[in-house]
Amino acid sequence: RLLLVLSGQRPVHTLLGHVQGPVFEELARLAPRAPLRPRGVGSGAPVVAEVDRQQPRAGVIEAFARITSGGRLRALAFRLEADEEGDGDGPRWRCAALALD
């Protein structure tokens, strides 16, 4: 979902409920510029080339993705935190931090 918003394919409000307040504000600032939108004629949609994660403690995942976009390799890092309340099927994960190369 982050990739779709940051490439201009989806509006930022589609992440409501999936991100914490400061991250939503950052996405609202970044999304109009569509920083992951491929530039140039014939550029396809951005593609996730690699993803990895670590879990520094229970309820926290820190992850990164390498994304190819218009012939460029970009980096996206994010932190997910489990919401204690959950939805009955386990915790709900929300993006708590975001960094784009």
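The values are calculated or read from the model by the stated rules, or taken from the named source; none is laboratory data. All figures in this text were calculated on a predicted structure; none of them were measured in a lab. Using ideal geometry, Cβ is built from the backbone for each residue, glycine included, and neighbour counts are taken over all protein chains shown. Ligands, DNA and RNA are excluded from the accessible area calculation, which covers all protein heavy atoms including side chains. Shrake-Rupley method; radii C 1.70, N 1.55, O 1.52, S 1.80 Å.
Structure notes:
- Flag for Gly44 being closer than 13 Å to Cys95 by Cα, exposed (fewer than 11 other Cβ atoms within 10 Å of the Cβ) and among the small types (Gly, Ala, Ser): no
- So Val23, is it closer than 16 Å to Leu100 by Cβ, under 14 Å from the mean Cα position of the chain (by Cα), at pLDDT 95 or above and exposed (fewer than 12 other Cβ atoms within 10 Å of the Cβ): no
- One residue stands out among those in segment 57-101 that are without any contact (Cβ under 8 Å) to a residue 60 or more places away in the chain and β-branched (Val, Ile, Thr): the one that is most open to solvent (accessible area, probe 1.4 Å), which is Thr68.
- Residue within segment 27-36 that is surrounded by fewer than 15 Cβ atoms within 10 Å (Cβ to Cβ) and closer than 12 Å to Leu98 by Cα present: no
- Residue match in segment 31-42 (condition: assigned to a helix (DSSP H, G or I) and in contact (Cβ under 8 Å) with a residue 12 or more places away in the chain): yes
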